[in-house]
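The values are calculated or read from the model by the stated rules, or taken from the named source; none is laboratory data. This structure is a prediction, so every number in the text was calculated from the model and none was measured. Virtual Cβ from ideal backbone geometry, glycine too; neighbours counted across all protein chains shown. Heavy atoms of the whole protein, side chains included, go into the accessibility calculation; ligands, DNA and RNA do not. Shrake-Rupley method; radii C 1.70, N 1.55, O 1.52, S 1.80 Å.
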Amino acid sequence: SRFHTEDKQMIGLNVEEHLKHWRHMNKDGLLYAPEFTIKLRSHTVWEKSNIQFACTIQAWPRPTVCWYVSSPCYMECNTHAGFLYLLLFLSTCYSPSFFWGRWCSSLYLLQSLVPMFVPPGVMVDIHLLNKFDVTFATEGQTLSLGCNVVLHPPTKLYQPEVLWFLNGMWRRKNKNASGFHEGQATLTLSHVNKEDEGLYTLRARAGRRWEEHSAYVFVRDAELMGKPGAPLDVEYCEVNKDYVIISWKQPSDNGGSTIIGYFIDKREVGTDHWLQCNDTPVKFARYPITGLVEGRSYEFRVRAVNSSGISHPSRVSAPIASIDPPANMKSDPEGNFPCPIPGAPTDLRILEATKNYIVLAWKPPEFRGNEGVMYYVEKCCAAGSTSWCRMNDELPLKSPRLALFDLEEGKSYAFRIRACNSNGVGMPSAVIEHASIPAPPGEILTSRNTGSSAIIWWEPTPTTSELVGYYIDAKLSGSDHWEPCHNKPVTSTSLMMAHTCLLFPPPLKLLLLYFFVAPPTSPHGIVILESVKDSMVLGWKAPRATGGLDVTGYYVDYQMMKNTHEGQNFSSASCTWQVTNLKENSDYRFRVRAANMAGVGPPSDISDCITCQEWTLAVPGPPHSLQTQEARIDSVVLLWHMPVYVGRSPVSGYYVDKCEADKANDYLQWQAVNEVTVKSRFLKVTGLVEGRSYVFRVRAENRAGVGKASEMTDAVLAETRPGTKELVVDVDEDGHVYMIFEGDQLPPDSKLIWSKNYEDPLDPSRVDVETKANKTKVVFKHLDENDLGVYSCLVSGTDGVSSSYNLDEDGKLAMIVPLLTKLQLEVLDEGQVRFWIQAEKLSPQSKGGFVLNDSEVIKTNCDPKTGIVEMIVTELKPEDEGTYTVQIQDGRAKNEASLVLIEDDFKNLLKESAFHRAEFLRKQGPHFVEYLSWEVTSDCNVILKSKVANTKKDTIIVWYKDEREVQGDIQHDEQSGVCTFHKDAGLYRMSLWDNRGKDSSTLEATENYLSLYYGKYCTNTINIELYSSSAMSATPLKLQSTEEGIKLYSFVTYYPEELKVSWTFRNAKLASKDKVRSGIMSNQLWLQINDPTEKDKGKYALELFDGKETHMRELDLTGDVFQEAYEEFQRLKCNIWGDPVPEVAWLRNEREISSDNHVVLSYDKGKHATFVINKIETEDSGKYSILVKNKYGSETGDFTVSVYIPLEEEQGLLYSSFTPHKAFPLKPQR
């Protein structure tokens, strides 16, 4: 109260001195306080009616008028001379409202209070129909918004109140064309500008009822063609009678190149002719415009310029009149006649200075006579020079301000002002010097002062000459928009910013405080985690407040009780630290201090006395670093670290206890959360009561028992905070499962951190993480069992703001359509190619689609009954080469599979498809079922025969010999389709055709050809029976693993060379090549598969043709049969012989190895040596050797084992390769 009393006394003295001065300068009493001639009176009106308050006052100078109301309404006020009136648009009011007017001049304050009562009106329902939707407009267009307003019950001659708002601000009727006609409310914008973009709201009110509708209007730039967009918000900064300073905002789009500057245009109100004010572009968004005619009104607009051209003009500014602010004429205080020549101007100063211009201002001279004065501005360029040049010699200035252009950057100037009137030019004013623009200040430091203020320090600028002061600007982290923190320059190098957040909109208040930092608060909860003879491990809880910065580390102080020895250790940012160099059986006390970039915080409470002695307990120590996340109304997630001291056996699990915070001191109130230990170091505690606070603790267990409980956590309130958002899991259009989290009002510099099972960071090979602003998204590349777990997203810099999702097997299956088969293909009889895949089950609403090289294929069939999704390609073409992908969607569940058809695979498929298509077309008409062949009868005659089908009576069959038609004894059995012909040797061709098509077959039956077979058959007819018996004697196929791979073989009693032998794989003939080789050795028919792989699984067959029929022997090389053979192939063995029987030794990297469970060595009967490695690992790689010797000599065989993990390591497969350096078997010399 003492300070308030002193302030009142000082204010009273200042007012009294001011009044004395004005009484002395205004003897004629021109100034007097406001006085009500006619006061306000009370009114009682009906609701929704308009009312006008009026009163009359007398005052000079003209007072400022303010109206106030105690309840919300919309009003327009005006004044004319001394008559004031207020027009009210009343809202729904049920209680009396009070209105009062306040009039103030530079010296006096007066107010009048009047009550007004509004009785309630009639109840009318109001509805909005045909509402306007989100609208997109282009700059320069005409835009109209509207709604139908319906009243119920209908009321004649009653018009509801219709108001329009833009971003919550009421738009006056004179600003845009708005109206209400025949039940429709409309708002028309004749020329849309970018400033018109925003949320438009129509509010219609009838009586006590009201209804509103809102929709957003987007305004696009007019066609730019590389030019910048139009500037925004042209405003006036200062107005005088001969110049105006305007400012604007840069365009939202620079057109793709840097904005060079701006052109400013002006025009007089009432004309359409625009004049450009500057010849060269202005780089700053602020410009003084001179050359105005006093008393006239002007409008202005701005255009932006870049390398591509000039933008469209901005919205035209509001009209402004070029007049000076009111100024009072002064006279000689002695009452003498005025001086004929004015005195020197005073208080010359620089108002504004940039690289391009400066603005000078001064005060008129004390003695200037009864007539007005004008001014000359003189400039001096050289420091200390007496050479002055007049800058406006032709036209004196009427205003005490001037903007000077075309100044050289970095050059110093001096200025002075002379006043003049009709009697002459007066003395010059004091000289003011203008130095170059000062250099920027140095490093800035900030710290928090209170919850809503901060202190800022900065290094001064090295430029001290004519330094006016400093301006401080602020911006939000991540934004490029700077806002000034004050309007007057600061002369010192520090400033306390009180209530700085009020400079920004309310939603940004909390964010702004993060600009200011402070040291962290004190840690708490010091515990001992492990103790040995000369050291102890401490643990503590992090500070509750970090001061706006991350904690960089902790200082640990300790004190020895006996000799008061003190020490200090600095730990990392972890909340644990091992204090070393302690004395055994000595007592110590500890305290901890946290530090960040702003400094070191206060110390924690001193711990109890702790004796340094080695722990020998069998049970584990306490867990530590307990944290809580995801607080909800009935649950919370608890995290902890495993004990530092684990006891005599490893930790096998954990128990979690909970208790209400106000009952934590009563050990009987603690309850166990889990009856069975949990293996993980996190647990979601459920069953909490909303609105209650809980604390938690954790105990570890090993074989010896349950250890000491951890320190309990800070109290956690069971509630879901406002704005809490959960993880959203869904499937995108490509069939990929994704999780998305969006934070709410995140602090600056906070990060969104993903984790799996609250520990492991996400594997980038399995997921893609996308983070933009406060939204983050995780997309699974190929979801499978390896991706199951709890996924959480934590917001750093907060007290546990996070969300999680448990992706279990049920959740995964709910997102993925399970498949029974891979994407497969088959070639149909007509040459069509069928791609198909089968799912376990599909609903009738399921959909399927195929994509070829990112191009969707429309012709797709989806059968929900069988779960088959198929696509049939009618004609395969060369441009169809690429990747085929099938996409299946069943509700939210999706899946996809791909098949790559390129190079040889696609070429073979293309040939097969073309062959089947040609065969299908051939069989549409008469065609050969069996092509021409020869047969030797029992009497050694040669018969040419074939089998045809799909013939008619008009089908023509013609034989050709040596390309000449022949006639002979042609026999055609129409039932069987067999055609026979007896003829001599030659080149025969048989053709058949009708109106449906044509087919032919050719057979070479020359003399040499017939003599080779015909003569041999006639002389050895008995051999036919021999071939048949040889083929039938073939034994079933067997297999044998060899050094090269897998060998299939069969034995026959006798093998004649004329017996035809062939091998097939999956009903396709095999040709001998590097991968697969076949041959005959004595009476053994064999097939060798080199380096077998999974692709070699299948059905193999041996075909023996004896001239009449084919005999087959088959073997299914799949399943266990293939696996056993493959494992035998991988086993290293060799055959050894010698006399006497040699000795065998195995070496690895030139060192002898012995047999154990991992490496098994065997030597069977002195002939077979085997080397087996069980569960091979990368450490088994190396050079291996086998050494055999007897008394006659020795021999060595080398081979290399290389174990590697290829790209398939995700499936847990381990591959190995063996490279022998010397051929096996080995034979020692005798």
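Hey, could you check segment 270-301 for residues that are assigned to a loop (DSSP other than H, G, I, E, B), touching a Lys or Arg at 6+ places or on another chain (Cβ under 8 Å) and more than 19 Å from Y357 (Cβ to Cβ) and say which is modelled with the highest pLDDT?
Looking at residues that are assigned to a loop (DSSP other than H, G, I, E, B), touching a Lys or Arg at 6+ places or on another chain (Cβ under 8 Å) and more than 19 Å from Y357 (Cβ to Cβ), I get W274.
Is it the case that some residue within segment 814-835 is open to solvent by less than 50 Å² (accessible area, probe 1.4 Å), closer than 30 Å to K725 by Cβ and not β-branched (V, I, T)? If you could, list the steps in order and put the result at the bottom.
Step one: filter segment 814-835 for residues open to solvent by less than 50 Å² (accessible area, probe 1.4 Å), giving 815-818, 821, 823, 827-828, 831-835.
If we keep only those that are closer than 30 Å to K725 by Cβ too, we end up with 815-817.
Remaining after also requiring not β-branched (V, I, T): 815.
Yes, because at least one residue in segment 814-835 is open to solvent by less than 50 Å² (accessible area, probe 1.4 Å), closer than 30 Å to K725 by Cβ and not β-branched (V, I, T).
For segment 131-167, enumerate the residues that are part of a loop (DSSP other than H, G, I, E, B) and under 30 Å from H312 (Cβ atoms). Before the answer, list the steps.
To start, the set of residues in segment 131-167 that are part of a loop (DSSP other than H, G, I, E, B) comprises 131-134, 139-142, 153-160, 167.
Across segment 131-167, the qualifying residues are F132, D133, V134, E139, G140, Q141, T142, N167.
Out of (1) more than 23 Å from F850 (Cβ to Cβ); (2) buried (at least 19 other Cβ atoms within 10 Å of the Cβ); (3) of a type in the set (K, R), what's the single condition that is false for R917?
R917 satisfies every listed condition except (1).
Select from segment 213-258 the residues that are among the charged types (D, E, K, R) and in a loop (DSSP other than H, G, I, E, B) and list them in ascending order.
If the condition is that a residue be among the charged types (D, E, K, R) and in a loop (DSSP other than H, G, I, E, B), then D221, E223, K227, K241, D242, D253 are the ones that fit.
Which ones in segment 747-769 are in a strand (DSSP E or B) and under 21 Å from K725 (Cα atoms)?
Residues satisfying the conditions are L752, I753, W754, S755, K756, V769.
So which residues in segment 863-879 are within 27 Å of K841 (Cα to Cα), under 38 Å from the mean Cα position of the chain (by Cα) and open to solvent by 50 Å² or more (accessible area, probe 1.4 Å), if there are any at all?
D863
With segment 637-707 as the region, which strands (runs of 3 or more DSSP E) entirely inside it contain at least 3 residues that are of a type in the set (F, W, Y), open to solvent by less than 30 Å² (accessible area, probe 1.4 Å) and within 22 Å of W540 (Cβ to Cβ)?
It comes to none.
Name the one entry in L909, L932, L842 that is part of a loop (DSSP other than H, G, I, E, B) and open to solvent by less than 30 Å² (accessible area, probe 1.4 Å).
Result: L842 is the single residue among L909, L932, L842 that is part of a loop (DSSP other than H, G, I, E, B) and open to solvent by less than 30 Å² (accessible area, probe 1.4 Å).
Listed here are the residues, each with its yes/no results for (1) on the phi < 0 side of the Ramachandran plot; (2) part of a loop (DSSP other than H, G, I, E, B); (3) not aromatic (F, W, Y).
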position: T720; (1), (2), (3): yes, yes, yes
position: T724; (1), (2), (3): yes, yes, yes
position: F741; (1), (2), (3): yes, no, no
position: Q745; (1), (2), (3): no, yes, yes
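Quick one: how many residues across segment 1073-1100 are in contact with a Gly (Cβ under 9 Å, 6 or more places away or on another chain) and open to solvent by 80 Å² or more (accessible area, probe 1.4 Å)?
1
For segment 1101-1208, list the strands (runs of 3 or more DSSP E) that sit wholly inside it and hold at least 2 residues that are open to solvent by 30 Å² or more (accessible area, probe 1.4 Å) and among the basic types (K, R); which are they?
1182-1190
If a residue has to be in contact with a Gly (Cβ under 8 Å, 6 or more places away or on another chain), of a type in the set (A, V, I, L, M, F, W, C) and under 24 Å from L404 (Cβ atoms) to count, how many in segment 281-309 make the cut?
2
Output the qualifying pairs, or none if there are none: Cβ atoms under 6 angstrom, residues six or more apart or on different chains, first residue in segment 505-534 and among the aliphatic types (A, V, I, L, M), second residue at pLDDT 85 or above and outside any loop (DSSP other than H, G, I, E, B).
If the second residue must be at pLDDT 85 or above and outside any loop (DSSP other than H, G, I, E, B), the pairs left are I526/W540; I526/F590; V527/G539; I528/M536; I528/I610; L529/V537; L529/G539; L529/H624.
In segment 135-152, how many are closer than 21 Å to R203 by Cβ and open to solvent by 70 Å² or more (accessible area, probe 1.4 Å)? Walk me through how you get there before you give the answer.
Filtering segment 135-152 down to residues closer than 21 Å to R203 by Cβ leaves 135, 143-152.
From the residues that got through so far, the ones that are open to solvent by 70 Å² or more (accessible area, probe 1.4 Å) too are 144, 152.
Residues meeting the conditions: 2.
Any idea which of E1004, E1025 is open to solvent by 90 Å² or more (accessible area, probe 1.4 Å), assigned to a strand (DSSP E or B) and at pLDDT below 85?
When all the criteria are applied, what remains is E1004.
Quick one: which of C420, C389 is exposed (fewer than 13 other Cβ atoms within 10 Å of the Cβ), modelled with pLDDT of 80 or more and either under 19 Å from W362 (Cα atoms) or touching a strand residue (DSSP E or B) at 6+ places or on another chain (Cβ under 9 Å) (or both)?
Residue meeting the stated conditions: C389.
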